[in-house]
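K.L.:
Just dropping this structure here.
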Amino acid sequence: MNRQPNISEVIKSRWSPRAFDDTRPVEAEKLISILEAARWAPSSSNLQPWHFIVGYNFDTCHKDILSTLNEGNQVWAQNAPVLIITVAKMTRGDRQNRFAFHDVGLATENLFLQAYNLGLSCHFMGGFSQEKAKEIFEIPEDYEPVAAGAIGYMGKIDSLPEDLAEREQAPRQRKALDEFVFTNKWNNPLGIE
């Protein structure tokens, strides 16, 4: 599978920058639009286990979310006008929902693509303290913080520290399909041309 298939331009050209413009707030209608896109994501048994804690245009919640991020992520994420923590409801009735993280991921991707379609950039990260998020936002016991995200308008790469600026300009790389699409047995590539 070495040929380049035709995929949506929004999917192909979206990426996760670290340079955000801290002088340009995100419009309320755009934020609502990207959250609405997340709402329409598919989910197992239609449970819709996703929840979002949103810090908007540098409000108090923004500062609280920023405080949960690892130091390396705070350096650049502080400039994004919107910070989000995605949260999964881990139960369905009296049992575990083993699809909760999957479904939150689907909702997050909808959010991500809608944001990109509206001229915004997103960067989601695992580098944050789930424990601190649970404490600050009083997240109930059967809910689990999944990821933190930064949303805003693209900023100038030269606003980043040198090491991050280099990473921003590095070519995007993706694994070849043969590395992760198998048939019959593990590591046996599908091999469709």
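The values are calculated or read from the model by the stated rules, or taken from the named source; none is laboratory data. In this text the structure is predicted, and so the values were computed from the model without any measurement. Positions of Cβ are generated from backbone atoms using ideal geometry, with glycine treated the same way; all protein chains shown enter the neighbour counts. In case anyone asks, the SASA skips ligands and DNA or RNA and just uses the protein heavy atoms, side chains included. Shrake-Rupley method; radii C 1.70, N 1.55, O 1.52, S 1.80 Å.
K.L.:
Note the count of lysine pairs whose C-alpha atoms are less than 16 angstrom apart in the chain, limited to pairs 8 or more residues apart or on different chains.
P.N.:
Eligible lysine pairs with Cα atoms under 16 Å apart amount to 4.
K.L.:
Taking 0.36 nm per residue of sequence separation and subtracting the Cα-Cα distance, how much length would be gained by fully extending the chain between SER67 and ASN46, in nm to one decimal?
P.N.:
Stretched out fully, the SER67 to ASN46 stretch lengthens by 4.3 nm.
K.L.:
Output ³J(HN,Hα) for segment 172-185: one whole-Hz value per residue in order, computed from phi by the Karplus curve 6.51 cos²θ - 1.76 cosθ + 1.60 with θ = phi - 60°, and x for Gly and Pro.
P.N.:
5, 10, 9, 5, 6, 4, 4, 7, 9, 10, 10, 9, 6, 9
K.L.:
Here's another thing I want to ask about it. State in Å² the accessible area per residue of segment 83-137; use a 1.4 Å probe, count heavy atoms of protein chains only, and round to the nearest integer.
P.N.:
For segment 83-137, the per-residue accessible area is 47 Å².
K.L.:
State to the nearest 20 debye the size of the charge dipole of the chain about its Cα centre, where the only charges are +1 on K and R beta carbons and -1 on D and E beta carbons.
P.N.:
Here the size comes out at about 620 debye.
K.L.:
Here's another thing I want to ask about it. Length gain on complete extension for the stretch SER8 to ILE136, per 0.36 nm per residue less the alpha carbon to alpha carbon distance?
P.N.:
42.2 nm
K.L.:
Hey, another quick one. Name the residues whose placed amide hydrogens come within less than 5 Å of the amide hydrogen of VAL146, ignoring near sequence neighbours (fewer than 5 apart) on the same chain.
P.N.:
It is THR86, VAL87, ALA88, by chain and number.
K.L.:
Sticking with this one: Whole-Hz Karplus ³J(HN,Hα) for segment 132-141, in order, using 6.51 cos²θ - 1.76 cosθ + 1.60 and θ = phi - 60°, x for Gly and Pro?
P.N.:
Using θ = phi - 60°, the values come out as 5, 4, 4, 5, 4, 9, 6, 6, x, 4 Hz.
K.L.:
Express in nm, to one decimal, how much length is gained between GLU162 and ASP59 on full extension, taking 0.36 nm for each residue of separation and deducting their alpha carbon distance.
P.N.:
Taking 0.36 nm per residue and subtracting the Cα distance, the gain is 34.2 nm.
K.L.:
Apply the Karplus curve 6.51 cos²θ - 1.76 cosθ + 1.60, θ = phi - 60°, to the phi angles in segment 86-94 and return the couplings in whole Hz, x for Gly and Pro.
P.N.:
Using θ = phi - 60°, the values come out as 8, 9, 10, 7, 8, 10, 10, x, 9 Hz.
K.L.:
Roughly speaking, to the nearest percent, how much of the chain's 1.4 Å accessible area is carbon and sulfur?
P.N.:
Reported share for carbon and sulfur atoms: 50 percent.
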